[in-house]
1. Any idea what the relative contact order of the range 1-145 is, in percent, if you count C-alpha pairs under 8 Å spaced at least 6 apart?
2. In whole Å, how far is the Cα centre of the range 200-259 from that of the range 89-149?
3. Using DSSP, restrict attention to beta bridges with both residues in the chain and report what percent are antiparallel, rounded to the nearest 5.
4. In nm², what is the average projected area of the convex hull enclosing the Cα atoms of the range 151-240?
5. Quick one: how many Å² of K155 are accessible to a 1.4 Å probe, rounded to 10?
6. Whenever you get a sec, line up D105, D6 from highest to lowest accessible area (probe 1.4 Å, protein heavy atoms).
7. Once both labels are modelled 7 Å past Cα along the beta-carbon direction, what's the D292-R329 spacing in nm?
8. Using a 1.4 angstrom probe, figure out how much accessible area the range 61-118 has per residue, in square angstrom, rounded to the nearest whole.
Amino acid sequence: MTLLSDLDAMQLAIAAAEEVRLLTPPNPWVGAVLITTSGERFVGATEQPGGRHGEIVALDAAGDLAQGATLYVTLEPCCHTGRTGPCTERIISSGVSRVVIGVTDPDSKVHGGGVAALLEAGLEVETGISAQEISQQLSSYLHHRLTGRPEVILKLAATLDGRTAAPDGTSKWITSAEARQDAHRLRSEAQAIIVGAGTVRADDPQLTVRLEGFEGPQPRRIVLGEIPKGSQIEPAESFSGSLESLLQNLGDEGVLSVLVEGGAAVAHAFHDQNLVDRYVVYVAPAIMGGDDGRSLFAGPGAPTLASLWRGKFVSAVRVGEDLRVEVVRK
């Protein structure tokens, strides 16, 4: 069997991680691939909380064939006891001779300790393979471990001239069915969705994930303000207080990713307080014209050109008839 290159083997690990990303939070979705000395491949991915980590799944599948093998893992193996034992101990005892790691883990319980344990045991260790791609895949986990807060994604949908609703309030539907399905994918990757009470009163949304074949947990639904009785969003949580305290509370509870769905006043509040980490904007090839339609944000903007908020484009992808544009902070 042909031996894979380090990049090709890590791509298999990344793909394995992607398959479980909806099931593992608050734990990271980690993929692992073990390549034996004869070129056999054993693929593993992290199981649901309390289950095995990705590298252990791969090692269990390989058994004695792990002797002298190379283990590829997207995230630095843990070196502490949590719900499971240290992965480093199992890797060392398995006889693996080389470990290739995508990104190191910023969690204070690991933070280079996994690499150090493997090196101390005499294993060859390499880091940084496909690091940029893996960092993007694990962005919400890494953000949470670095800041203590969930990654905040602000989802917006608008016409080409930046309008979210007509002057009479109608907004269904500005974007295509394909774009709305893609937005459900965003929901599926979040552990909580935040909207304002005004949006609940006006639209009575369910804010559930409705994707064919979806088996993951539904995200928590959080309403800023009082929840109108009989709303479809129930069961939901009402919150009144600062947005910073809300995010801190969610982070303390293990929420890694939050999707903010509006409306315009809520979008402005998160943006104005510099709490948004990623903007996802679905742009329809439609123009409302005039200045009387509703805009993306409701509130005062930058007073001068010099004070514009400027981010960085990370992607622009056609979805149905629309364009999905993603921007992150510089």
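The values are calculated or read from the model by the stated rules, or taken from the named source; none is laboratory data. These numbers come from a predicted model, not from an experiment. Please note: Cβ atoms are built from the backbone with ideal geometry, for glycine as well, and neighbour counts cover all protein chains shown. Surface areas here come from the heavy atoms of the whole protein model, side chains and all, with no ligands, DNA or RNA. Shrake-Rupley method; radii C 1.70, N 1.55, O 1.52, S 1.80 Å.
1. With pairs under 8 Å counted, the relative contact order is 20 percent.
2. Using only Cα atoms to place each centre, the spacing works out to 32 Å.
3. For the chain, the DSSP antiparallel bridge percentage is about 45.
4. Taking a quarter of the hull surface, the average projection is 6.9 nm².
5. 40 Å²
6. D6, D105
7. Result for the modelled spin labels: 3.9 nm.
8. Per-residue value: 39 Å².
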